[in-house]
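Novice: One structure, as structure tokens, below. Some questions next.
Read-outs: derived from the displayed coordinates by stated rules, not from any lab. In this text, all values refer to a predicted model and were calculated from it rather than measured experimentally. In this analysis, Cβ positions are derived from the backbone assuming ideal geometry, glycine residues included, and neighbour counts consider all displayed protein chains.
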Amino acid sequence: MGVKLESNFEIIIKNQYKKSIWSGGTTTEMFIYPHNSSYGDRDFIYRISSATVELGKSEFTSLPDYNRILMVLKGKLILRHEGQDPIELCELEQDTFDGNVLTVSEGKVTDFNLMMRKGICQGNVEVIQIDEKSTLTKVFEEEKVHEFNDSADIYYNIKGTIAISVNESENFVLENKDLLIINRKNDKQSIIFNLYNSCEEEALLVKTKIFY
């Protein structure tokens with residue numbers, strides 16, 4: 001799909017994403033697992049995408065087999081889940097909800113979406129800030145959560161340009177709106193992972209952690 005680095009690293013650049021139209025705007029599919037699955041067939045384990053909501057009010061597609069996390073990247077959104085109080089999301093705020101619940105949104109935004117198949121995987125989303133002219137170091141060790149054997153760390157660059165080194169040997173660059181996948185499947189070795197921001201302003205990444 002993308003640029004293969006070490007066996008457990010992959011970069012997908014923004015012009016490789018799959019774009020489509022939905023009832024409320026456009027959707028950009030950045031990553032889907034397994035690779036041969038599809039959103040239309042609903043046979044995927046997890047999917048990462050970004051959508052534009054261009055209508056003042058829109059209804060989300062029902063996804064009864066999936067849990068969802070939605071984060072607002074630009075704008076302000078009100079989510080109304082059936083039977084619950086409305087939730088207001090500003091930029092970089094998120095909500096986790098059941099894809100089977102009738103959900104209506106109000107507001108024109110750009111968002112980030114994680115869809116996870118129930119009972120097969122679980123995950124979380126967070127924003128990582130790297131200050132100007134600074135380095136963030138991450139060390140990945142072998143990990144296991146409950147019944148899940150494998151995991152992936154996925155970084156979506158939403159601001160800036162990040163230089164990355166792996167184990168102080170392999171070097172590459174993550175441009176704005178590129179995606180980096182670190183696949184921890186059957187990997188017993190530690191990885192030292194440095195992210196360097198050489199710019200004069202902060203850089204921002206959306207990190208998705210998946211266990212499956």
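Novice: What ³J(HN,Hα) values, in whole Hz, does the Karplus curve 6.51 cos²θ - 1.76 cosθ + 1.60 give for region 97-114 when θ = phi - 60°, with x put for Gly and Pro?
Specialist: In residue order, the calculated couplings are 7, 7, x, 8, 7, 4, 10, 10, 10, 10, x, 9, 9, 10, 10, 10, 10, 10 Hz.
Novice: Work out the length of the dipole vector of region 17-117 about its Cα centre, built from +1 on the beta-carbon of each Lys and Arg and -1 on the beta-carbon of each Asp and Glu, and round it to the nearest 20 debye.
Specialist: The calculated dipole for region 17-117 is roughly 340 debye.
Novice: By what distance, in whole Å, do the Cα atoms of region 17-117 stretch along each of the three principal axes, largest value first?
Specialist: 36, 27, 23
Novice: Assuming a strict under-15 Å limit between Cα atoms, what lysine pair count do you get for region 17-117 once near-sequence pairs (fewer than 8 apart, same chain) are dropped?
Specialist: Pairs that pass both the separation and distance tests number 4.
Novice: Say the dipole of the chain comes from +1 at the beta carbon of Lys and Arg and -1 at that of Asp and Glu; which of VAL104, MET116, TYR39 then lies farthest toward its positive end?
Specialist: Among VAL104, MET116, TYR39, the one farthest towards the positive end of the dipole of the chain is TYR39.
Novice: Give me the one-decimal nm value for the distance between modelled label points at LEU55 and LYS138, 7 Å along each residue's Cα-to-Cβ direction.
Specialist: Placing both labels 7 Å beyond Cα along the Cβ direction yields 3.6 nm.
Novice: Moving on to the next point. Got a sec? Charge dipole of region 78-212, +1 on Cβ for Lys and Arg, -1 for Asp and Glu; which of ILE130, TYR156, ILE191 is way out at the positive end?
Specialist: ILE191
Novice: Taking 0.36 nm per residue of separation and subtracting the Cα-Cα distance, what length does fully extending SER165 through LYS19 add?
Specialist: Difference between extended and current length: 49.6 nm.
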